[in-house]
Amino acid sequence: MPGFELIGKEEKRELDNLMDKSGILFRHGFDNLRNGVYKTREFEKNFSNQMNVQDALAVTSGTAALLVALKAFGIGQGDEVITQSFTFVATVEAIVESGAKPIICDIDSTLNLDPDALEAKISNKTKAIIVVHMLGTPCNLNPIIKIAEKNKIKIIEDTAWGCGGKLNGKYLGTIGDAGTYSFDFAKTITTGEGGMTVFKNKSYLDKAKAYHDHGHENNPLLPRWEDSRSSSGFNYRMSELQGAIGIAQLKKLSSIVEAQRANAKKIKEIIVSKGYELRKSPDGSFETSDAVVFFADSNSKAKKLRDSLLSVGISTKILPEAISWHFAGMWNHIKELEIDDKKEFCKKSLAILNRAVAIPVFVKMDKDFFKKIEEKL
Ligand SMILES: *Cc1c(COP(=O)(O)O)cnc(C)c1O
């Protein structure tokens, strides 16, 4: 699961460095007061180097990262954006906030967007698809990219759980037209709250930079108070405090993912030995292994397994218990989804999710944990 297990002296050292050398907590300006310390800028640079992209934009949350990407693509009123039924509510909130209409597509046994269900959801208003690498397992991107190219639709990868994961050797979030990351406190690396957006095409990144900063273009020829502007915007700027923490956390990303993968491997072996079916992943997947998901025979069996694990202090993650925050069919409170018939809405997805059980994976897991799972499954 996460960077929060590893908050320590490296993060403190970055914060001390910020306070001792600079004390400027705003990412822009104050050039002669900050001793050359630009933490958010440095975090963006390190992040883009790690992910092998030209540039990256740090923002205040993963939800903001999604909205900034949609805005950079000029998506809004009158447009439609497709996403998958199994995600966190934030994906749909970002679409609604952009002004576009969210269209929900079923998932398959990867628990990510089902490419075979996608074309039926596309209309002449569709401008983008937000795929989600849910719980760190890559979605089946190759067929989705083909469909998107054919229909001239943008792909945004919601990589909130997938930071550090790969598909066919490429980092998740860098394969589609845009990728968004979350650094909230439960994600693979954390800045407390925070996010990042990357784009394939630099012109969209420039639009995103302006949008996330009240339209500021940060024209090097002008002082900020006379800055040039060509669009309206909002404030989703990351502060230097978050940037400093991000620098330290990013250095831990690879070792976090490796540790999670090693622990997930042990959990998967136990699950398979007990005769359960594991969640599928596309060929070429390198998972961050935020959780290991498997299928029970029925919803009641899944709930029983959950109770049984809980009796020895092991809580499951999202599935089966917190489906209400992660399955679009439950979101009657979002009127833009137009859920008229809850029973019929993404029926296929619900049938899959109802049987699923997710075991959370941590960086630090002792032998006892594996023994308990072995006993209770
Ligand atoms: C966490 C999450 C987000 C939102 O990230 P925040 O940083 O919490 O705003 C978006 N999408 C998914 C799939 C998430 O899990």
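Points to keep in mind about this one:
- Close pairs (9 angstrom Cβ cut-off, 6 or more residues apart or separate chains): farther than 21 Å from Val361 by Cβ and at pLDDT below 95 in region 185-196, within 10 Å of the ligand (Cβ to nearest atom) and open to solvent by 30 Å² or more (accessible area, probe 1.4 Å) anywhere: none
- Considering Phe295, Phe327, Phe370, Phe345, the condition of being within 17 Å of Ser109 (Cα to Cα), more than 20 Å from the chain's Cα centre (by Cα) and not β-branched (Val, Ile, Thr) is satisfied by Phe295 alone.
- Tallying residues that are farther than 14 Å from Phe47 by Cβ and open to solvent by 10 Å² or more (accessible area, probe 1.4 Å) within region 168-199 yields 10.
- Counted residues, region 74-102 - those being in contact with a Lys or Arg (Cβ under 6 Å, 6 or more places away or on another chain) and open to solvent by 30 Å² or more (accessible area, probe 1.4 Å): 0
- Some residue of region 299-309 being free of Cβ contacts under 8 Å to residues at least 24 places away in the same chain, farther than 29 Å from Glu269 by Cβ, exposed (fewer than 13 other Cβ atoms within 10 Å of the Cβ) and of a type in the set (D, E, K, R): no
- Highlighted here are the helices (runs of 4 or more DSSP H) found entirely within region 47-150 that include at least 2 residues which are within 16 Å of the ligand (Cβ to nearest atom) and not hydrophobic (A, V, I, L, M, F, W, C): 62-72, 89-98.
- Odd one out for Val59 among (1) of a type in the set (A, V, I, L, M); (2) over 27 Å from Ser255 (Cα atoms); (3) open to solvent by less than 20 Å² (accessible area, probe 1.4 Å): (2)
- Scanning region 164-186 for residues that are within 11 Å of the ligand (Cβ to nearest atom) and outside any strand (DSSP E or B) yields a total of 4.
- Pick from region 151-163, criterion in contact (Cβ under 8 Å) with a residue 40 or more places away in the chain and either within 16 Å of the ligand (Cβ to nearest atom) or surrounded by fewer than 19 Cβ atoms within 10 Å (Cβ to Cβ) (or both), ranking: nearest to Glu80 (Cα to Cα): Ile156
- The residues in region 208-245 that are among the small types (Gly, Ala, Ser), within 18 Å of Lys39 (Cβ to Cβ) and part of a loop (DSSP other than H, G, I, E, B) can be counted, and the count is 1.
- The set of residues from region 238-259 being more than 26 Å from Arg27 (Cα to Cα) and either in contact with a helix residue (DSSP H, G or I) (Cβ under 8 Å, 6 or more places away or on another chain) or surrounded by fewer than 23 Cβ atoms within 10 Å (Cβ to Cβ) (or both) comprises Ser254, Ser255, Ile256, Glu258, Ala259.
- Number of residues in region 275-304 that are of a type in the set (A, V, I, L, M, F, W, C) and in a loop (DSSP other than H, G, I, E, B): the value is 1.
- Filter pass, Ser22 being crowded, with 17+ Cβ neighbours inside 10 Å and over 30 Å from the mean Cα position of the chain (by Cα): yes
- Scan region 1-45 for residues that are part of a helix (DSSP H, G or I), at pLDDT below 95 and within 28 Å of Ala186 (Cα to Cα) and the total you get is 4.
- Remark: Glu119 matches the filter, which requires a residue to be among the acidic types (Asp, Glu) and surrounded by fewer than 23 Cβ atoms within 10 Å (Cβ to Cβ).
The values are calculated or read from the model by the stated rules, or taken from the named source; none is laboratory data. None of these values were measured; they are calculated from a predicted model. For neighbour counting, all protein chains shown are included, and Cβ atoms are generated from backbone atoms with ideal geometry for every residue, glycine included. Ligands, DNA and RNA are stripped out before the accessible areas are found, and what is left, the full protein with its side chains, is counted by its heavy atoms. Shrake-Rupley method; radii C 1.70, N 1.55, O 1.52, S 1.80 Å.
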